[in-house]
1. Just to verify a result, which residue in segment 14-31, among those that are within 17 Å of ARG101 (Cβ to Cβ) and of a type in the set (A, V, I, L, M), is modelled with the highest pLDDT?
2. Under 9 Å between Cβ atoms, which residue pairs at least 6 apart in sequence (or on different chains) link something in segment 24-44 that is in contact (Cβ under 8 Å) with a residue 12 or more places away in the chain and part of a helix (DSSP H, G or I) with a partner that is surrounded by 10 or more Cβ atoms within 10 Å (Cβ to Cβ) and charged (D, E, K, R)?
3. With the requirement that a residue be farther than 30 Å from PRO40 by Cα and open to solvent by less than 100 Å² (accessible area, probe 1.4 Å), what does segment 90-106 give you?
4. Residue by residue through segment 112-121, note down the ones that are open to solvent by 100 Å² or more (accessible area, probe 1.4 Å) and assigned to a helix (DSSP H, G or I).
5. Tell me the residue from ALA83, ALA109, ALA71 that is assigned to a helix (DSSP H, G or I) and surrounded by 12 or more Cβ atoms within 10 Å (Cβ to Cβ), please.
6. Go through segment 86-106 residue by residue and tally those that are in a helix (DSSP H, G or I) and either in contact with a Lys or Arg (Cβ under 9 Å, 6 or more places away or on another chain) or in contact (Cβ under 8 Å) with a residue 40 or more places away in the chain (or both).
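The values are calculated or read from the model by the stated rules, or taken from the named source; none is laboratory data. From a predicted model like this one, the values you see are computed outputs, not experimental measurements. No Cβ is skipped: glycine too gets one built from the backbone with ideal geometry, and neighbour counts run over all protein chains shown. Surface areas here come from the heavy atoms of the whole protein model, side chains and all, with no ligands, DNA or RNA. Shrake-Rupley method; radii C 1.70, N 1.55, O 1.52, S 1.80 Å.
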Amino acid sequence: MNHDTAPDAAGGVLPASYGGLRILQAEFMRYQRAAFPPRPPRFFALELAGETGELANLEKKVWKGRRVAEADFTDEAADVCIALLNFANSRGIDLAGAVERKMRRVDGARRAEPEDAFPADDR
């Protein structure tokens with residue numbers, strides 16, 4: 001077990017805290033308000049969809065046998081994260097609280113019905 005996780009009462013392993021995400025989201029809110037004009041949630045939803053599509057397109061290229069630099073995955077994943085934080089802020093979503101609640105549901109479902117591992121060639 002590492003320092004970022006702790007067993008829960010049912011024996012599962014979930015993050016011990018989502019406070020870092022809450023701090024990060026607040027910092028993004030501060031930056032967005034200071035650096036850019038106000039934008040509606042749909043702006044950030046479209047931005048998120050576009051950035052997610054760019055990340056998915058990189059995976060499609062790899063699936064087709066093309067070479068993609070690891071730095072490209074890193075860059076696009078960062079774009080997705082930034083767009084998600086900005087969208088959550090524009091909608092007033094407490095992302096840390098939402099993720100924590102969702103992870104509890106996911107972990108309960110995982111323990112109730114464990115998944116089989118993917119074949120090595122599908123990873």
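1. Going through the qualifying residues, I end up with LEU21.
2. GLN25/ASP94; GLN32/ARG39; PRO41/ARG91; PHE44/ARG91
3. Across segment 90-106, the qualifying residue is only VAL106.
4. The one that is open to solvent by 100 Å² or more (accessible area, probe 1.4 Å) and assigned to a helix (DSSP H, G or I): ASP121.
5. Values: ALA109 fails: surrounded by 12 or more Cβ atoms within 10 Å (Cβ to Cβ); ALA71 fails: surrounded by 12 or more Cβ atoms within 10 Å (Cβ to Cβ).
None of the other options fit; the residue is ALA83.
6. Within segment 86-106, the first condition is being in a helix (DSSP H, G or I), and the residues that meet it are 86-91, 95-106.
Okay, now just the ones that are also either in contact with a Lys or Arg (Cβ under 9 Å, 6 or more places away or on another chain) or in contact (Cβ under 8 Å) with a residue 40 or more places away in the chain (or both), so 86-91, 95-97, 99-100, 103-104.
Matching residues across segment 86-106 total 13.
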